[in-house]
Each structure stands twice: as C-alpha cells, then as structure tokens.
Amino acid sequence: MTHLQKLNLSGTKIKNLNSLTNLSELQELNLEHTKINGLLPLINLKKLTKLNLKRSVIAEVNTLSKLSPLKILNLSFTLVSNISALKNLTHLQELSLEGTQIEEVEALKNLTHLNLLNLQKTLIFDVRPLKNLQSLTFLNLAEVPASSLDGLEELPQLKLLFCEGSTPKKEELRQLMINKPNLEIITDPREIPKDINPLLYDAKNYFVRFPQ
Amino acid sequence: MSQLRELKLSNISMDITSLAGLVHLKKLTLVGDLIFHAEVLKNLGQLQELNVVSNLSDIDFLATLDQLRILTLSDTSLSNIDALAKLSQLKILNLSNKRRS
C-alpha cells in the first residue's frame, strides 16, 4: 500500500494512525467522524494536501505545523481550541473551524493564499487579523459573537459573506455593502446558493434546521 | 460473457459464485447483502477497480488481487485490513462507513 494517494477512513473505528506512518505518497486523507487519538503518525506525510478531521475527537493539532503542503483542512466540530500550529501552513487555501471553541484568529493573519474560511459558531470577537488575507473570497461568520466587521472592507477578493445570527449591526452591514458593491452578504440561510462549497457551510446543519 | 471488462450489480441478494468465470474483469461494483462466498473474487486477477458496499467482515480474499488500483469497501464491519498491505498498486482506498455505529 506504500503508493497510496487517497485514503478514506471516515466513520470507521480506527483509533491509532501508526499504520499510516509510511504512506509517503499520500495526498488526501479523510478521518471524518473517527475517534483517532493523535496526529503524530502523520508527521512524515510530506505530500499531504487535503486533510479532513471533521467531527473527530481530536483536540490538539501541533503536528499540523509540520505539514506545510496542506491546501485544504477541515477541523469543523473538533475539540480544537488552539490553532497556533496553523500559522506555518502558508499554502492553505480552504479552512473550516466551524463549531470549535477557538476565540481568536491571530494565527491566520499571514495565510495569504486562503480563499475560503469557515468560522461559523466559533467564539471569535475580533476579525481584524483577517484584513491582510489578499485571496480571501468566501467567508462564513454566521453565529459568531464578533461585534464589528472592521477590516473586512480591506479584503480585495471578498465575494460572499455569511452573517446569519452574528452580532454586527445593520448599519455596519450596510456600510460594508456600500464599500464593496461586488460583495454578496447573506443573513438568511434560505438564501444560500445551492452550489455552495460544503466546507464553507455545513449542509447537514442547514437541512436539519430548514427542511425543504 | 467471459470477455466482460466492467460489471456493476446493485441491490443484490443472490449467489454470485458464477462471477468466477469473468477472469478479464477490470472493474467490478457490488452493492447489497452479499450472500456469497467472497472467495469467488480471488479468481479475478485482472481487477483494477473494485467497489463493494456490503457488510463484509473478512477480506483475506483480496490479498491476491495485486493489480488493484482503486478499492472501496464501504459499510463493512472489518477489524483487520492486513490483507491490503501487499497490494502494491493501490492508489485510492476508501473504507468509509456511512452506517455509523
């Protein structure tokens, strides 16, 4: 199996990743909804570009700082609360931290290739560290406590912003719309485009709350 | 039918021992309650892609399918995948389980 490029173990009973240590050609790894007990066995997977840990019980992600080729990373609904390891992942293009207990995004401020960022249901108060993310196009801030959208007007590529259930005042949203006429702001989940990237908006949550 | 290269059987609940003769199969998909002796697949040495969605518990029969490049074994109750270690051509492996316990 040493030439394996894609591996999907989602929903399996795997706990220990030691058997993956030598999969040096691995590019995509899906561990969604597993009870894995640590990421250290992944440390030498130098070709890994896509990693899905959604709904796994992982709490500590320091090993990720060594996986610099990562482009797509899903940490939604994990137990992660500290994301400082992500600051070295400068190739990241898509990142979801939905439903985690993170309180700040300082670690993301130099991830200039980031195109999609999902912070729904996190505990973010301050979005200003995002202001230098030159490539950021899709941003989900639904259900976050951030009271101000200060900094977002500086994002040149921003096209789609979710604000459902977050605290910014109507006046501030209107100002952002005026400053950025090409930006689509979504405050009601029923307006969500059908072809939305699931990493940006958890489709399962959406259909549970708004049955068709 | 012995020249058949691709075969897909969905929602099956039948004996598939007759597949043994399809020695040229390169791609095979089986979905359903496989009431069969899985060892029948041992004979399909040309298989490059095998997709099985079924409650398999034993996959020792896969060890000889050394041409496999793509393998999906979904909704199984496997506790051991040692049989896959020797599949040197394997590029894509999907063991995902949607019927979550």
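Only the coordinates and a few stated rules stand behind these numbers; no lab work does. Note that the coordinates shown come from a computational prediction; the quantities given were computed from them, not determined experimentally. So basically every Cβ, Gly included, is an ideal-geometry build from the backbone, and we count neighbours across all protein chains shown.
Miscellaneous remarks
- Helix A:170-179 axis, angle to chain A major axis (alpha carbon atoms, nearest 10°): 80 degrees
- The charge dipole of the range B:6-94, taken about the Cα centre with unit charges on the Cβ atoms of Lys, Arg (+1) and Asp, Glu (-1), comes to about 380 debye, rounded to the nearest 20.
- Prolate is the label for chain A, because the ratio a/c of its alpha-carbon gyration tensor axes (a ≥ b ≥ c) is 1.5 or higher and a/b is greater than b/c.
- Charge dipole (the range B:6-94, unit charges on Cβ, about Cα centre) - positive-most of B:Ser79, B:Val53, B:Leu65: B:Leu65
- Over chain A: helical MRE at 222 nm, DSSP H runs n ≥ 4 each giving -39500 (n - 2.57), nearest 500: -2000 deg cm²/dmol
- For the protein assembly as shown, the Cβ-based charge dipole about the Cα centre amounts to some 440 debye (Lys, Arg positive; Asp, Glu negative; other atoms uncharged).
- For peptide A:8-18, the mean count of partner chain Cβ atoms within 10 Å of a residue's Cβ comes to 4.
- Mean per-residue shielding of peptide B:85-92 is 4, counting Cβ atoms of other chains within 10 Å of each Cβ.
- Calculated FRET efficiency for the pair A:Ser68/B:Asp60, C-beta based, R₀ 41 Å, to 0.05: 0.60
- Between the listed residues A:Pro156, A:Leu45, A:Ser96, the Cα displaced farthest toward the positive end of the dipole of the protein assembly as shown, a dipole computed from Cβ unit charges relative to the Cα centre, is found at A:Leu45.
- Tensor-based shape of chain B (alpha-carbon gyration tensor, a/c under 1.5 rounded, otherwise prolate or oblate): oblate
- Projected label distance in nm at A:Ile196 and A:Lys46, using a 7 Å step from Cα toward the beta-carbon: 4.0 nm
- C-alpha center-to-center spacing [the range B:29-96, the range A:102-146] in angstrom: 42 Å
- Protection proxy ranking, highest mean first, for peptides A:135-148, A:35-48, A:175-188: A:135-148, A:35-48, A:175-188, where packing is the per-residue count of other beta-carbon atoms within 10 Å, averaged.
- Using the Cβ-Cβ distance between A:Lys169 and B:Thr72 with R0 set to 51 Å, the FRET efficiency works out to roughly 0.55.
- Within the same chain, lysines fewer than 8 places from A:Lys109 are excluded, and of the rest, those with a Cα less than 25 Å from its Cα are A:Lys46, A:Lys47, A:Lys50, A:Lys54, A:Lys66, A:Lys71, A:Lys87, A:Lys121, A:Lys131, A:Lys159, A:Lys169, A:Lys180.
- The shape of the range A:96-209 comes out rounded: with a ≥ b ≥ c from the C-alpha gyration tensor, a/c is under 1.5.
- Whole-Hz couplings from phi, Karplus 6.51/-1.76/1.60, listed for the range B:61-73; x for Gly and Pro: 5, 7, 4, 8, 7, 7, 8, 4, 10, 10, 9, 10, 10
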